[in-house]
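*Asks:* Encoded as structure tokens, here's the structure I'll be asking about.
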Amino acid sequence: MTEFGVLIPDLQIAFYHRLKELEERYLGEALRNTVSNLDISSLDADLSQLVNAESLRKVASFGLRGELFFPVPYLLKANPYLLGYYRLLYGFSQKDFYNQGPFGSFSPLEERGDITDKTSSLILPLCKSLIAKGEMLVDGLDMISPTIIQSLQTITIGAFLRGSHLNKKGQRAVKSMYDLIHSIVISYITHATDRLITIKNDSDRTVYIEFMNDPDIRVQGILQSGSNPIMAIEIKGGTDVSNVYNRLGESEKSHRTARSLGFAECWTIINARLDLDKAHQKSPSTTRFYYLFQITNESTPEHSAFKDQFCALIGIRTN
């Protein structure tokens, strides 16, 4: 697991076990177990009908069967989970495959092994689309072996695991901000869930503090005439300094959207030390930068500064 060598040992172990779990579910073992229970003549009939003969010959020239590269309806209907096998082989993350393309309705196959009434009639077009990708992949390979197939899939799994790790860091950062803000406004809270804190400020006005996406935190006052945008906060919880300025570019996009909605105050919370002058160049829409590790520590001047500014904007006293 040298690919994850920068992680602390216990996290490396967790990643290793998660990788083995994904390998058992998605890689060659799942395909072999399924094919062993199928009628090979029916499987071959699907392959010969749907896959380019030249591609099948090239795979066969290395002593391998066509289903290692090409999904067919007979196979997917026998084991819908195998859609994940081919998704990984072709290098698609779950996000790219299910959220940004035409394949969103097929996620139950991989997630639950379920073919719905809606997707049943679409299995053939799905396979034709994926086979076209598989034919391009086979055409681009000089050597084909089970090891190469597994390596291609593991590359995608590795990217998934790294993305999952970063996503968990982001979730922890949002949770830290929720706890911080909750502690600041606790005496003013009228209602709270894990996504929304509602307070009544010193002017007897309702203020919503919403924990959402794009921006991560949205603070709005509620007036008789409608909502009054107060503050938008973007949270970048990663500690990797090598990519921090790219993440600030993401914050800038979010803050531009927030400003178009009337938010004058746009804060960015970061968790990696950086050059603040350069940070302002990357995100000029940010009105204030704060370090998460400083503002969540009640003994720091930065915590007091954050608290003072936040309370002033929402109209409450500091406790």
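*Asks:* In Å, what Kirkwood hydrodynamic radius results for the range 194-236 from the alpha-carbon pair distances?
*Replies:* After inverting the mean inverse Cα-Cα distance, the result is 10.7 Å.
*Asks:* Here's a follow-up. Grab the Cα-Cα distance for Asn37 and Glu111, subtract it from 0.36 nm times how many residues apart they are, and report the gain in nm with one decimal.
*Replies:* Contour length minus Cα-Cα distance gives 24.5 nm.
*Asks:* Applying 1/(1 + (r/R0)^6) with R0 = 41 Å to the Cβ-Cβ distance of Arg205 and Ser120, what FRET efficiency is obtained, to the nearest 0.05?
*Replies:* Using R0 = 41 Å, I get an efficiency of 0.15.
*Asks:* For Asp139, what charge total do you get from the other residues with a beta carbon under 10 Å from its beta carbon, if Lys and Arg give +1 and Asp and Glu give -1?
*Replies:* Overall, the nearby charge balance is -1.
*Asks:* Still on this model: Largest first, how would His182, His280 line up by accessible area (1.4 Å probe)?
*Replies:* Highest to lowest solvent-accessible surface, that is His280, His182.
*Asks:* Taking a ≥ b ≥ c as the square roots of the eigenvalues of the Cα gyration tensor of the range 43-107, is the shape rounded (a/c under 1.5), prolate (a/b larger than b/c) or oblate?
*Replies:* prolate
The values are calculated or read from the model by the stated rules, or taken from the named source; none is laboratory data. In this text the structure is predicted, and so the values were computed from the model without any measurement. Positions of Cβ are generated from backbone atoms using ideal geometry, with glycine treated the same way; all protein chains shown enter the neighbour counts. Side chains are part of the model used for accessible areas, which takes the heavy atoms of the whole protein and leaves out ligands, DNA and RNA. Shrake-Rupley method; radii C 1.70, N 1.55, O 1.52, S 1.80 Å.
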